[in-house]
Structures are given as structure tokens and as C-alpha cells.
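Undergrad: Before we start, here is the structure in question, set down as C-alpha cells.
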Amino acid sequence: MTIRIAKKAFDEMRAHAEATYPEECCGLLVADGKKEILESVKMRNVFSGPRHDRYDIDPLELFRADRSVAARGLRIAAIYHSHPDYPATLSRFDLDHSFTWYSYVVTSVPKGRAGDTRAWLPSDDHRAAVEEEIQVVVG
Amino acid sequence: MMSVKIIIPTALRQHTDDKDELQLNSKDVKSALQELVTAFPDLRSYLYSDNGRLRNFINLYLNEEDVRYLQGEETTLKDGDVLMIVPAVAGGAPGHDYQGPSFSPSEFARYSRHLIMPEVGLEGQKALKNSSVLIVGAGGLGTPSAMYLVAAGVGRVGIVDFDDIEKSNLHRQVLYSEEDVGRSKSEVAKERLLKVNPNVSIELHKLRLDSSNALDILKDYDIVMDGTDNFPTRYLVNDACVLLGKPNVYASIFRFEGQASVFYAKEGPCYRCLYPEPPPAGLVPSCAEGGVLGVLPGIMGSIQAAEAIDLILGKGTPLIGRLLLFDALDMKFKELKLRKNPDCPVCGEHPTVKALIDYEAFCGVKDESDEVKEMTAGALKRLIDAGDDVFLLDVREPSEYEMARIEGARLIPLGELPQRINELDTADDIVVYCHSGQRSAQAVHLLSGMGFKKAKNLKGGIVAWMEQLDSGARTR
């Protein structure tokens, strides 16, 4: 399994992860019909508690982004977020809250610098995830 | 017919022939969703769980308002309404085995006496901050355990309770004050706990835990604390923990005696291994019926908090497979060894309980008050005043009887009723009462099952009787 991400979107996502450190960032990755990620869209992390290990996307903000994306014939293919000082794997909590129709792209941010970025496709039973190979597309 | 628009998230378009909105004719939210999944059956598994309930992480917005704040799936639709399906996207890292969260200088100061202990240290304190505990019942046990967990820095504490604070709670539930009487327990608890430690998050579940919601609520927590005061909820919490593979830190209290254990089916017995069947309804009195020493739940709740912390730290020997008995009168602790029952219906080798059941029915306390014949205090007064022969049966405890009773009443505490049934005559017009009508409803149910077809329950108990006398006195 491969997920192709335009370099600009990839870099923006990682910069977002550094900017919100030590809190988690979150956002959307927008794809065309061929499942190629063209853009990243920042979302606010509206979790009410400590945000260093938790994110919540505001449903209405997500909805509006989804509509404007749909109007352009694109779709939200993946959710991205960061793990400050934690590996770029899906946590149990991530899995429990995952939707099988999205890929999940996680960037590890050890000590404030973006580290690994890895992509995951959660299984139907929310117990595991299959890793997708990220191809960064230049140009 | 209403014409409403339903908007599908773009990610699901592949299941809707690439459509991201549809025009439907539905009278309410529920039928709109039904219409949608009928048209596109592939969507069903995304929107509904196996038991046919709408998935927890699916938000429905009607004209940008969450239907949970309207009438949920029953919300009616009108022409031109726009119904949106929006996933609730959330996630986050744990921190147990990595560097984990950082602490502010103020948190370092707060936890300094933990941090200097080798068994806790920075790693342990981070584990606490990354952990989550659900407290079922913000009462005698739940309030002290919540205070200690929050003070110790457990990052996320959930509280399940829908009760309001009563004056009779205050002698043991020391999180609450005189001025809180009448307010919601969970809301006051959250206010106070955040004052104890503002660095944690408190999540409220203001509802009655039952088979339809327990798994959904419990699954988001690492550890569950049973601070309940009734058998149906206790069995429910046990079974849900076994099914989810979570440790259940248990305690119970009665008068001067407390019990505590950790039921963790992965590593030891569960509550059902200890008590496969609930006691007959009404046999074991609750705190309201039997009383409890105010300080006892403080001790037992603190034991629960210490156990939860040990489990989070992974240190020491938890009470798995051991039942701790405490006697506050003789000030003695005892310990019993518990064994896992290989034939246990939930955690045994061949479990028969694989999903949550109806625990009210299992414990024989199904609310059948509508089937129980009732009499109001006013009607009883008129009968007595008219000189009719009424046999008054008081099923409270002797101490309650001594404080106040209806004149001429015979005392048979509910727990003794089955053995002393021969003291009653089926031909009598029996009116049963207790404090507020709960125990007497059980008694009437029991009696009518034994042929006492004329037995009636005094609605509202002696409380209603007193009020009726009072108002009578005032109007006279």
C-alpha cells in the first residue's frame, strides 16, 4: 500500500507539527480521485484537556472543509496529527477512535523537531493498522 | 412529505455512487438515516455498530446544530432542513514507554514527594499523567478515591453519576458541603476536583450506567473503579470489565465492614468467580437501609485509589486474587484468597455470557412498581379514620422503626420477611411501608408472589405519610 503526498503538503504538515509542539497538531490531507494527496489543511485542536497527547477536531470545522473540498471535486483522504515526544505509530487511543475510511498520517516530534512521518490504515475492528508507504511527490 | 438534504462526508462518496449529498423525504433523523442505508447498504457498517446502534464517533448535525442537543434520532425534520453526517475525529499518543509528557515547574513542585520515591520517580509520574480511571459512582467510595487520584496526578478521571447530593450523603462524602445539597454530584465533584488539581481533566457521564452504554463508556479508560451501591450495576461493571479486558478495582461497604479486591480476569478471578449469583433482592441492605460508618468509605475508597495507582505504576502486589476485609469496629484487616472459577459464566474456560445482559432482571430487582398495587398516604389515612381494618407492615430496620412509625404497625425488616411470612394472614388488607416506598414495593412483590393478593404498597413510604399528616395539621 502506498500513499502519495505532494511535497508542499508534506512539508506544511510537518511544519504544523513543530509549530504546535509540545501540543499535538491535527489536520486533513486532501486528495484527488487517484488518491494522491495534493493539499494539507490545518485544523484547530479543540481538545479541552491537556493537548500534548490528545487532539479533537471541531466537527463543524471538519464539515466546512469537507464541503469546500467536495465543491472542487476533491475529498479528504487522510487525517494527520502529531505525537510530541512519542513515535509515529498509532496509539491504542488513535485506533479506538479511527475511521476505516481515512488513512492516518502521524508525525513524531521529539524535542520539538519533526521526526518520522508514517501513514497507517486502521483495520475494521480498530485493533491494528497496516502501514502505508509514503511517497513524497516533488513538482 | 418533507424534502430534506443529507450531506455525506467526501470519504464515503465511494459508497454512495460518488454522491456527496442526497435529497430525501423523511419525517425524522432516524428515518432519514434508514432511507440512506437502504439506498446505499454499504454505508450501514460505517454508520451503525453490529447491535444496530448509531456509532459513537458519528456526529449528526441538523442545520449546523448537533442533534444530541435536539431530540437525537427522534428529531423531526421539516422542509429544507440540512442533515449532515460528520465523523468525530480524535486521537493522541500515550506516553507510557517513551519520554511522555512534560511537566510544568508547578507540576514538578506539586508531585515532588512522589518524584523522589524510586517506585514512582519521573517515569511513574508520567505514567500517572498518561493514565485514565473511570469512577462509577461519585458517592462514599467514589469521592475519596477521586480526590486522591486527582491529587496524585492521574491525567484523566471519568465520573459516572446521575444523582443529586442529599443531606444524608454529607456524613461520608466529604467532597461535598452543606451548600451543595440538591446539586448534581458529578458537577460539584468536577468543580472541587479541578480545584484540587487543575492539571488533570475530569470527564462527566451524567447517566445511569446500563447494558446499552457501559461498553462504550468503559472502553476509553485504563482502569475502572467500582464504587456502586447496588448489585445490578456491580455485575454490569464486572462483566463489562471482563469483556473489555480491564481491571476492576472493587470495594464495598456495610456498617463497619469493608471489602476490597481487584478483579482482573486476565490475571485472576472476577467478581462472578466470587459471587456467581446475586443475593435475593432485598436480602442485603444498602447503606440507605442498613447504615454505614461515615469514615469507612473514606478508608475503602482510599484503598481503591492506592490499588489503582499501584496498577498504573506496575509496582507492588495488587489485590488480584485476594479479598481484603476490614472491620472498623475491631480495627482489623483480614485477607481471603480468591480463586478463578474455571466454570465462571463470564471469565471461565467456556463463557456463556459473551455480551452484557439485563442486570436488573438478573438481580431480581426489575422495577415492577407499576405492577405493584399502591395506595397513597391520603387514601390510607381515610381508611384508618373510617375505622377499616388495615394491617400495617413496616419493612424497615428496627432502628428506623424506633425513630418513627405509623401507629399500630408491625415491624418485619425486608430481609427477614421470607422467613417470617407465617406471621401474616393472606386474608388481611396489608399495607406495606418503608422509608420512601422502594423496599416496600419489593416486599409487596414478594408477598403477592406468595399469595398475598391484597397486599398494597404505601406510595412514598413513611415520608409521604408524615407530609400528609403535616399538611393535614396545617389546613386544620
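We did not get these values from a lab; they are worked out from the coordinates using the rules stated. Since we're looking at a predicted model, the values are computed, not measured. When we count neighbours, we look across all protein chains shown, and the Cβ atoms used for this are built from the backbone with ideal geometry, even at glycine.
Undergrad: Which value in Å is the Kirkwood Rh of chain B over different Cα pairs?
TA: It is 25.7 Å.
Undergrad: According to a simple spin-label model (label point 7 Å from Cα along Cα-to-Cβ), what is the distance in nm between B:Gln34 and B:Leu383?
TA: My value for the distance between the label points is 4.6 nm.
Undergrad: Please list the non-local residues whose amide H lies under 5 Å from the amide H of B:Leu411, H modeled 1.01 Å from N, same-chain partners needing a gap of 5 or more.
TA: Residues meeting the criterion, in which the H sits 1.01 Å from N, are B:Asp394.
Undergrad: Here is a follow-up. Taking every residue in A:39-51, how many Cβ atoms of other protein chains lie within 10 Å of its Cβ, on average?
TA: Per residue, the average neighbour count from other chains is 2.
Undergrad: Round to the nearest 0.05 the FRET efficiency obtained for B:Glu123 and A:Glu36 when R0 = 35 Å and r is the Cβ-Cβ distance.
TA: Calculated transfer efficiency: 0.25.
Undergrad: If packing is taken as the average count of other Cβ atoms within 10 Å, what order do B:443-449, B:236-242 fall into, highest mean first?
TA: Top to bottom by mean Cβ count within 10 Å: B:236-242, B:443-449.
Undergrad: Using only DSSP helix segments of four residues or longer, with each worth -39500 (n - 2.57), what per-residue ellipticity at 222 nm results for chain B after dividing by its residue count and rounding to 500?
TA: So the calculated ellipticity at 222 nm is -8500 deg cm²/dmol.
Undergrad: Here's another thing I want to ask about it. Give me the log10 of I(q) over I(0) for the stretch B:293-393 at q = 0.23, 0.24 Å⁻¹, as the Debye formula computes it from C-alpha points; what are the numbers?
TA: After summing over all Cα pairs, the log10 values are -1.20, -1.21.
Undergrad: Can you tell me which lysines have their Cα less than 20 Å from the Cα of B:Lys381? Leave out same-chain residues fewer than eight positions away.
TA: B:Lys373, B:Lys454, B:Lys456, B:Lys459
Undergrad: For chain A, take the alpha-carbon Rg, divide it by the Kirkwood Rh, and send me Rg/Rh.
TA: Taking Rh as the inverse mean 1/r over Cα pairs, Rg/Rh reads 0.93.
Undergrad: Under the Karplus relation 6.51 cos²θ - 1.76 cosθ + 1.60, θ = phi - 60°, what is the ordered set of whole-Hz ³J(HN,Hα) values for the stretch B:453-467, x standing for Gly and Pro?
TA: 5, 8, 5, 10, 9, 6, 5, x, x, 5, 4, 5, 4, 4, 4
Undergrad: Quick check: Cα centre of the stretch B:295-346 to Cα centre of the stretch B:188-215, how many Å?
TA: If you average the Cα positions of each part, the centres end up 23 Å apart.
Undergrad: Once you charge only the Cβ atoms, +1 for Lys and Arg and -1 for Asp and Glu, what is the size of the charge dipole of the stretch B:225-346 about its Cα centre, to the nearest 20 debye?
TA: With Lys and Arg at +1 and Asp and Glu at -1, about 340 debye.
Undergrad: Compare the Cα positions of B:His205, B:Leu293, B:Ala386 along the charge dipole of chain B (+1 at Cβ of Lys, Arg; -1 at Cβ of Asp, Glu; about the Cα centre) and return the one farthest towards the positive end.
TA: The one lying farthest along the dipole's positive direction is B:Leu293.
Undergrad: Please give the Cα centre distance for the stretch A:1-51 versus the stretch B:1-62, rounded to the nearest Å.
TA: 27
Undergrad: If we sort B:417-427, B:258-268 on the protection proxy, mean other Cβ atoms within 10 Å, highest first, what's the order?
TA: Output ranking for B:417-427, B:258-268: B:258-268, B:417-427.
Undergrad: Could you work out the helix-only [θ] at 222 nm for chain A, with each DSSP H run of four or more residues adding -39,500 (n - 2.57) and the total divided by the number of residues, to the nearest 500 deg cm²/dmol?
TA: -7000 deg cm²/dmol
Undergrad: Kirkwood Rh, Cα Rg: Rg to Rh for the stretch B:105-362?
TA: 0.95
Undergrad: Another one. How much of the pair distance distribution for the stretch B:263-326 lies past 17 Å, counting alpha-carbon pairs only, in percent?
TA: 58
Undergrad: Among B:Gly182, A:Tyr80, B:Met403, whose Cα sits farthest toward the positive end of the charge dipole of the protein assembly as shown (+1 at Cβ of Lys/Arg, -1 at Cβ of Asp/Glu, about the Cα centre)?
TA: A:Tyr80
Undergrad: Across the stretch B:374-475, how large is the tail of the calculated P(r) beyond 19 Å, expressed as a percent of all Cα pairs?
TA: More than 19 Å apart: 36 percent of the Cα pairs in the stretch B:374-475.
Undergrad: Two decimals, Cα atoms only, Kirkwood Rh: what is Rg/Rh over the stretch B:1-156?
TA: Using Cα coordinates only, the ratio equals 1.20.
Undergrad: Kindly flag which residue pairs out of A:Lys111/B:Lys266; B:Lys126/B:Lys334; B:Lys315/B:Lys337; A:Lys34/B:Lys5 have an alpha-carbon separation exceeding 26 Å in this structure.
TA: A:Lys111/B:Lys266; B:Lys126/B:Lys334; A:Lys34/B:Lys5
Undergrad: Could I ask something else about it? Which order do the peptides B:336-345, B:222-231, B:457-466 take when ranked by the mean count of other beta-carbon atoms within 10 Å per residue, highest first?
TA: B:222-231, B:457-466, B:336-345
Undergrad: Count, for each residue of A:98-106, the Cβ atoms from other chains sitting within 10 Å of its Cβ, then give me the mean as a whole number.
TA: Per residue, the number of nearby Cβ atoms from other chains is 4 on average.
Undergrad: Let me ask another. Hey, what D do you get for the protein assembly as shown in µm²/s if you plug the Kirkwood alpha-carbon radius into Stokes-Einstein at 25 °C and 0.890 mPa s?
TA: D, rounded to a whole number, is 89 µm²/s.
Undergrad: From other protein chains only, count the Cβ atoms within 10 Å of every residue's Cβ in B:194-206, then give the mean.
TA: Mean partner-chain Cβ count within 10 Å for B:194-206: 1.
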